[in-house]
Amino acid sequence: MAHRIKLTHIENSSSAFSWASLVLACLGTLDATYLLIYKLTNIHAMCLGNGGCHDVNFSPFSQIAGIPISVFGLVAYLGIVGILLLERRLKIAYESGPLAIFGISLAGVAFSIYLTWLELYVIHAICPFCVASLVIITLIFVLAIIRLVKQTAY
């Protein structure tokens, strides 16, 4: 006989931080998807604003081992979305999810800062979608810290 998965109890304020993180991770997923489509199609009309996104997305730094950087962002954002959705259903995700999201977002912030440094000092162009991703992952990181602090307070 199959046993139902028990829903875990989540405090209201913690739930608000989870929902905010989920919304941000979905926005990050959209942003990374947009950058990946642009990288794969090279449709210049997709590059809004200053044209810097073309210079950044087609620079030698736009891929690692032939894999576009946006794929790594997409995987990170989808991982965060998955963890947040599982937190309400699985005890292990509820207990370990905040730490996992902290780790993913910490790596994302560190890598995004490095990429922003490359944009400013090496490529000499700014991609507004890359800046948006930096802001999104930084906000997720801040929320992850808050969630971790709240979790250890109980």
On a 0 to 90° scale, report how tilted helix 69-86 is relative to the longest principal axis of the chain, with both axes built from alpha carbons and the result rounded to the nearest 10. 10
Please report how far the C-alpha centroid of region 87-110 lies from that of region 40-81, rounded to the nearest whole angstrom. 25
According to a simple spin-label model (label point 7 Å from Cα along Cα-to-Cβ), what is the distance in nm between C26 and M46? 2.2
Checking the a/c ratio against 1.5 first, then a/b against b/c, what shape does the Cα gyration tensor give for region 12-153? prolate
Helix 12-41 against the longest principal axis of the chain: what's the angle in degrees, Cα atoms only, rounded to the nearest 10? 30
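Using Cα pairs under 8 angstrom and six or more residues apart, how large is the relative contact order of region 12-153, in percent? Intermediate results must be reported in sequence, preceding the final value.
Working: 138 pairs, mean separation 50.9, N = 142.
Once normalised by length, the contact order is 36 percent.
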What FRET efficiency comes out for W19 versus V122 if R0 is 25 angstrom and r is the Cβ-Cβ distance? Round to the nearest 0.05. 0.10
The chain: angle of helix 91-118 to the longest principal axis, Cα-based, in degrees nearest 10: 20
Rounded to the nearest 500, what is the 222 nm mean residue ellipticity of the chain from helices alone, with -39500 (n - 2.57) per DSSP H run of 4+ residues and division by all residues? -24500 deg cm²/dmol
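None of the figures in this text is laboratory data; all of them are computed from the coordinates on show. Since the model is a prediction, treat every value here as computed from it, not as a measurement. Cβ coordinates were reconstructed from backbone atoms using ideal geometry, including for glycine residues, and neighbour counts include every protein chain displayed.
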